[in-house]
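Structure record follows, encoded as structure tokens.
Just so you know, all these numbers are worked out from the coordinates, no wet-lab data involved. Computed from a prediction, not measured in an experiment: that's the story for all the values here. Cβ placement follows ideal geometry from the backbone for every residue including glycine, while neighbour counts extend to all protein chains displayed.
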Ligand code: PMP
């Protein structure tokens with residue numbers, strides 16, 4: 001059995017003026033559900049539990065101001081630069097990746113991109129033909145589904161992080177059934193949208209399956225440094241303790257068939273639009289050429305700022321400590337408020353890091369119908385359907401505690417509970 005390409009629902013597909021003949025892949029492209037929810041929330045002045053943005057007050061404004069003169073004094077700061085990225089930053093990333101994976105990594109394997117979003121686009125451009133099969137976790141990051149749709153991939157979603165079988169039999173079944181999958185896309189740590197992390201055992205199983213079936217694993221890992229969870233890590237469905245997520249090895253440590261995507265958006269600033277990919281040696285030249293063809297490279301100035309920020313002694317460590325504490329506190333407030341106001345109505349796991357709580361209405365119902373009621377009450381969230389390539393569980397939703405003012409998290413959850421009450425009242 002195969003599933004259709006990840007095309008968006010027809011009611012959201014843009015209506016192109018027939019006088020302008022747009023390409024086949026563009027005609028199926030719809031705006032992102034999250035962008036729409038955010039716009040509606042902003043227009044109505046709602047408390048946003050929808051935005052997956054970092055906390056505004058943690059952004060490194062003072063640190064950037066302090067470093068900008070030094071960066072401008074560098075020759076080439078406002079010039080065209082190396083199309084694959086600032087050499088110093090690529091070296092820093094190669095060394096950081098080598099430290100995390102315990103493998104040697106050459107700076108030639110690194111391509112700096114406009115966020116990890118562009119890194120995924122480049123991987124798709126390099127490895128996919130229209131109709132090729134890509135396997136994603138179920139549910140999965142909506143931005144990744146958006147890019148895969150643009151590339152006309154045939155997306156099949158199977159539970160990976162939440163497969164009750166640590167040997168990933170659901171994934172193996174799909175791989176064995178065919179057609180051959182070109183890519184398997186996962187967010188191994190504190191995933192968007194579920195907050196779930198892959199146990200070390202599931203990572204080993206995934207690496208083994210990628211090697212056995214000859215597919216490339218895309219390891220999209222923007223939240224890895226935002227671990228703040230309870231000692232012992234998450235508890236999975238069996239109640240079995242998972243390893244501390246930060247101790248589970250990166251997939252790139254376990255297989256040669258992994259492309260790692262990294263991002264400075266969550267630990268420095270999304271406005272830097274600086275992410276990267278680290279590719280296996282045989283793929284690296286193609287991805288480097290792809291980046292050159294697409295945009296001639298990221299801004300030399302921004303990359304030099306990022307390099308200055310990450311190499312300033314103690315700066316990154318201090319930031320990470322602050323971010324973990326801010327997000328731990330916010331998550332605690334949200335979890336307590338959800339418990340108080342929604343009680344048995346909403347089931348959810350408490351993730352050990354990242355930005356998100358993923359919930360399910362225990363009494364059923366479609367959270368797409370809940371959203372307008374919630375906006376009327378003055379709160380926004382993202383309906384879970386946005387994160388399913390097919391067969392959505394429409395009773396799910398994603399709540400973010402990262403960006404909202406902590407004093408508004410409790411009221412936001414109360415408003416959500418009122419909206420659920422309205423949904424139930426019909
Ligand atoms: N991957 C995941 C899992 C994300 O949550 C995000 C941001 N929401 C991205 C990629 C995109 O990040 P960037 O800003 O680096 O493009």
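Remarks
- Extension gain, residue 340-residue 256: 0.36 nm per intervening residue step, less the Cα-Cα distance, totals 25.5 nm.
- Model label zone, residue 74; criterion: amide N under 19 Å from point 7 Å along Cα-to-beta-carbon; scope the range 315-352: 315-317
- Fraction of beta bridges assigned by DSSP in the chain that are antiparallel (%, nearest 5): 50 percent
- Peptides 359-365, 400-406 ordered by average Cβ neighbours within 10 Å, highest first: 400-406, 359-365
- In terms of overall dimensions, the C-alpha atoms belonging to the range 53-209 reach 57, 33, 33 Å along their principal axes, ordered largest to smallest.
- Computed over the range 45-139, the P(r) tail beyond 15 angstrom holds 79 percent of alpha carbon pairs.
- The radius of gyration of the Cα set in the chain, together with its Dmax, comes out at 21.2, 65 angstrom.
- An ellipsoid equivalent to the range 329-426, defined through the eigenvalues of its Cα gyration tensor, has semi-axes of 19, 16, 12 Å when rounded to whole angstrom and sorted largest first.
- Packing-based order for 156-168, 188-200, using average beta carbon neighbours within 10 Å, highest first: 188-200, 156-168
- Relative contact order %, the chain, counting alpha carbon pairs below 8 Å whose residues are six or more apart: 23 percent
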